[in-house]
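Input: a single structure, listed below in structure tokens.
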Amino acid sequence: AGTLGAQAAQSGRYFGAAVAAGKLGDGTYTGILDREFNSVTAENEMKWDATEPSRGSFTFSRADQIAQRAQARGQRLRGHTLVWHSQLPGWVNSIRDANTLRGVMNNHITTVMNRYKGRIHSWDVVNEAFADGGSGQMRGSVFRDVLGTGFVEQAFRTARSADPAAKLCYNDYNIENWSDAKTQGVYRMVRDFKSRGVPIDCVGLQAHFGAGGPPGSFQTTLSNFAALGVDVQITELDIAQAPPTAYANTVRACMNVARCTGITVWGIRDSDSWRSGENPLLFDRSGNKKPAYNATLTAM
Ligand code: XIL
């Protein structure tokens, strides 16, 4: 097939992009989006600071723009993200009472998931809960500090009740290298959840890579998570300087793992990227396909 989405669909997978509501008026941008991609993630619009900037007052206008546009074109939607220490409004960060924070977290999850109920194939229920470095433990955050590490389980249980049809994902970065302590920490959590029946369906590996691309163990990491009985997804792919081989290796690893169900790149053109100085995406600033585009298409 001649496009990323159609090629991925041949093996039952999706190929998505992160989309910004503010760019939907740019015809070059939407031209590529609609031609190439069959899944969409809101780059910022479904985050807590965007959807519940003050307690109990929800604003969905920009998220709705992205969701409605995607739906009208038959593109699938990924939900990103419900519980995250970053892009979190100050009013949440300053809660110190556990019962209050638990109620606030559950209400946020339920309200946002209800808004898009039945329309999101996978939700990043919790994003980036683990610490960098060698500890293999959860990072400090208002959620961990006030609720304890059990906040992750609580979030997944609440999410399952809110939209039973959505796949519930744990999403993180730097969990691509199998031997890293952070990868091992996430692996142990997922294994524990599966053994105790805590609802979790997928692990999202962000895959924000340096120019060397994925670590040599990347496919092993995908397989090992999948062997726990969850799907895996590459959720925020970008690679410094976009070497074609680095993209091909990333995509091949997913294709080689049956439970790797889809790939999302974190933006469309290099100029759209949060790492735009590194030119990490598949289309250049004019919207032309880069060599990494052809390598990606060929690898599927
Ligand atoms: C980034 C967005 O791309 C930027 O526009 C925003 O300023 C900061 O967040 N991990 C994630 C994404 O889960 O939500 C982040 O997105 C990139 C890192």
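Give the separation of the Cα centroids, region 163-229 to region 105-161, in Å.
Spelled out, the Cα-based centre of one part sits 15 Å from the other.
Keeping all protein chains in place, calculate the accessible area per residue for the chain (probe 1.4 angstrom), answer in Å².
Details: 10700 Å² over 300 residues.
The answer is 36 Å² per residue.
Where does region 149-300 land on the Kirkwood hydrodynamic radius, alpha-carbon pairs, in angstrom? It would help to have the intermediate numbers written out before the result.
Details: mean 1/r = 0.0625 Å⁻¹.
One over the average 1/r among Cα pairs gives 16.0 Å for region 149-300.
So which lysines pass the test for Lys167, namely a Cα distance under 29 Å, with those fewer than 8 places away in the same chain ruled out?
Lys23, Lys47, Lys117, Lys182, Lys194
Can you give the % of DSSP beta bridges in the chain that are antiparallel, to the nearest 5? Don't skip to the answer; put the middle values down first.
Numbers: 3 of 38 bridges.
Roughly 10 percent of the beta bridges in the chain run antiparallel, per DSSP.
Using only the alpha carbons of region 194-235, determine the length spanned along each of the three principal axes and report them from longest to shortest in whole angstroms.
39, 17, 12
Rounded to the nearest Å, what's the spacing between the alpha carbon centres of region 77-95 and region 21-66? Just the number, please.
16 Å
Of the beta bridges DSSP finds with both residues in region 7-163, what % are antiparallel, to the nearest 5?
Values: 2 of 13 bridges.
The answer is about 15 percent antiparallel.
Show that you can apply the helix-only estimate: for the chain, add -39,500 (n - 2.57) for every DSSP H stretch of four or more residues, divide by all residues, and state [θ] at 222 nm to the nearest 500. Please list the in-between numbers first.
Working: 12 runs with 118 residues, N = 300.
-11500 deg cm²/dmol, from helical runs alone.
Please give the peptides 100-110, 21-31, 216-226 ranked by average Cβ packing (other Cβ atoms within 10 Å per residue), highest first, as a rough proxy for protection. Each step should come with its number before you reach the end.
Numbers: 100-110: 17.7, 21-31: 14.5, 216-226: 19.5.
Final packing ranking: 216-226, 100-110, 21-31.
Where does the Debye-calculated log10 I(q)/I(0) of region 66-219 sit at q = 0.12, 0.15 Å⁻¹, using only Cα point scatterers of equal weight, no solvent?
For region 66-219 at q = 0.12, 0.15 Å⁻¹, log10 I(q)/I(0) is -0.54, -0.83.
List the equivalent ellipsoid semi-axes of the chain in whole Å, largest first, each obtained as the square root of 5λ for an eigenvalue λ of the Cα gyration tensor. Please report the intermediate quantities before stating the final value.
On the way: eigenvalues 168, 104, 59 Å².
Semi-axes (√(5λ), whole Å): 29, 23, 17.
Using a 1.4 angstrom probe on the protein heavy atoms only, could you order Asp172, Asp132 from most to least accessible area? All intermediate terms of the calculation are to be shown ahead of the outcome.
Working: Asp172 0, Asp132 80 Å².
Putting Asp172, Asp132 in descending order of accessible area: Asp132, Asp172.
The values are calculated or read from the model by the stated rules, or taken from the named source; none is laboratory data. This structure is a prediction, so every number in the text was calculated from the model and none was measured. Every residue, glycine among them, receives a Cβ derived from its backbone with ideal geometry; neighbour counts consider all protein chains shown. Heavy atoms of the whole protein, side chains included, go into the accessibility calculation; ligands, DNA and RNA do not. Shrake-Rupley method; radii C 1.70, N 1.55, O 1.52, S 1.80 Å.
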